[in-house]
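Below is one structure; the comments refer to it alone.
The values are calculated or read from the model by the stated rules, or taken from the named source; none is laboratory data. These numbers were taken from a predicted model, which means no experiment stands behind them. Positions of Cβ are backbone-derived with ideal geometry, glycine not excepted, and every protein chain shown enters the neighbour counts.
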Amino acid sequence: MKRTSRFLGSDGHVVCKLESGEEILLPVFPGILKHPTASELPGLLVHPNVARKYTREALRRAAWPILKQFPHPWLLRCLDDACLLERRRRAIEFLLGVLPHVAP
């Protein structure tokens, strides 16, 4: 049985400090990761590895109204590791304002 995701609005934001010392502000959307409950998710997202997995899953599954609440540079950094279908990747890049590379 597939778990229903509730994507109406974020349950707030969490600051995650990356290994580089950079801090990113992530929106909390229960349902992007399957197993954590809504109350567990904010505590998990402070860990860089969980934040990356959460963002990759969002890139794979979430609609644009959800993705646009993530920091766009962070989405771009996680894009290569998300293993997206080419058409989804191109659509996300377009929505993030990435210009396609055109050969001369």
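Taking the criterion of being closer than 16 Å to ARG89 by Cα and either at pLDDT 95 or above or not in a loop (DSSP other than H, G, I, E, B) (or both), the residues of the range 51-62 that qualify are THR55, ARG56, GLU57, ALA58, LEU59, ARG60, ARG61. Within the range 42-50, can one find any residue that is assigned to a loop (DSSP other than H, G, I, E, B), modelled with pLDDT under 95 and β-branched (Val, Ile, Thr)? No, there is no match, as no residue in the range 42-50 is assigned to a loop (DSSP other than H, G, I, E, B), modelled with pLDDT under 95 and β-branched (Val, Ile, Thr).
Residues in the range 80-94 that are farther than 23 Å from PRO30 by Cβ, of a type in the set (A, V, I, L, M) and either surrounded by 13 or more Cβ atoms within 10 Å (Cβ to Cβ) or in contact with a helix residue (DSSP H, G or I) (Cβ under 8 Å, 6 or more places away or on another chain) (or both): ALA91 alone. For the condition at pLDDT below 95 and surrounded by 20 or more Cβ atoms within 10 Å (Cβ to Cβ), LEU26 does not qualify. Scan the range 63-70 and tell me whether some residue there is surrounded by 13 or more Cβ atoms within 10 Å (Cβ to Cβ) and in a helix (DSSP H, G or I). Yes - at least one qualifying residue is present in the range 63-70. The residue that is nearest to the chain's Cα centre (by Cα), among those in the range 32-62 that are among the β-branched types (Val, Ile, Thr) and buried (at least 17 other Cβ atoms within 10 Å of the Cβ), is THR55. The number of residues in the range 12-23 that are touching a helix residue (DSSP H, G or I) at 6+ places or on another chain (Cβ under 8 Å) and within 12 Å of GLN69 (Cα to Cα) comes to 1.
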